[in-house]
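A short write-up of the structure that comes next.
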Amino acid sequence: MPKKPVDRGPFISTVRFQWDRVENPNGYPYNIPAVKALEGFTFHERVTFFVGENGSGKSTLVEALAVAYGFNAEGGSKNFNFSTAHSHSDLDDVIQIGKYPKKPEDGYFLRAESFFNVATEVDRPGLVYGERSLHERSHGESFFDLFLYRFFGPGLYILDEPEAALSPRKQLEFLGRLHHLVENGSQFVIATHSPMLMAYPESKVMWLDEDGMQEMAYEATEHYCLTRAFLHNPKKYLDILLEEPKQTVTRNLGGTGPRRL
């Protein structure tokens, strides 16, 4: 018999929020402005980035998407079912994900803050991503081994701050790996602070702030603008940060929000 063709992405299309199922709309996480304002959104067929300041709700949203899709709350594939602490919200209970008929051959949820727990679970049956235990690698090396040896596609990969342990060089190498997987039919949803990662061209950048969530051009994000400005003139920013009172720093850095288009 001829070999069955591999299903290729995209695998998820939309998200809708069923607010009628929320018992306390003023409680966490429904009181986060970006979450509170959401009715739904459409994923990019290749890569969707969620970007915003700390506390904007991007990690909360990505974790809820992962759990709603069937991944373990602390990370891993759908085969992982361990729990060391209940640290995620119940936002997944009100999320409805629109799915394409095609199903991914692979999938993984990376939650940077609980990756140590995932690495421990990988060790239990003696699995190895690469040449040795993830615990025998540096934090950054273990992250990259996961991307290199465990993500084989075509799959759905939901990543919360994958750059957390990566050097700038490794972030660039990750982009190369991401592109290889995308070209082979994978789809990514990524929460990130990295202006390097969000530069990937076949993508949609969703900005979260106190006004809600909106699609935004990469060059208009605060992450890009502030990084570019700092690298262009670090002395200016260091003079402000090291010499002026704390309450004036934010104002003199040129504003706190992204540049609107």
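Read-outs: derived from the displayed coordinates by stated rules, not from any lab. Please read all numbers here as calculations on a predicted model, not as lab measurements. All Cβ positions, even for glycine, are placed from backbone atoms using ideal geometry, and neighbour counts span all protein chains on display.
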Quick check: net charge around S77, other residues with Cβ under 9 Å of its Cβ, Lys/Arg +1 and Asp/Glu -1? +1
Just want the ordering: V67, V205, from fewest to most Cβ atoms lying within 10 Å of their own Cβ. V67, V205
Arrange E45, E243 by Cβ neighbour counts within 10 Å, fewest through most, would you? E243, E45
In the neighbourhood of K170 defined by beta carbon distances under 12 Å, the net charge of the other residues (Lys, Arg +1; Asp, Glu -1) is -2
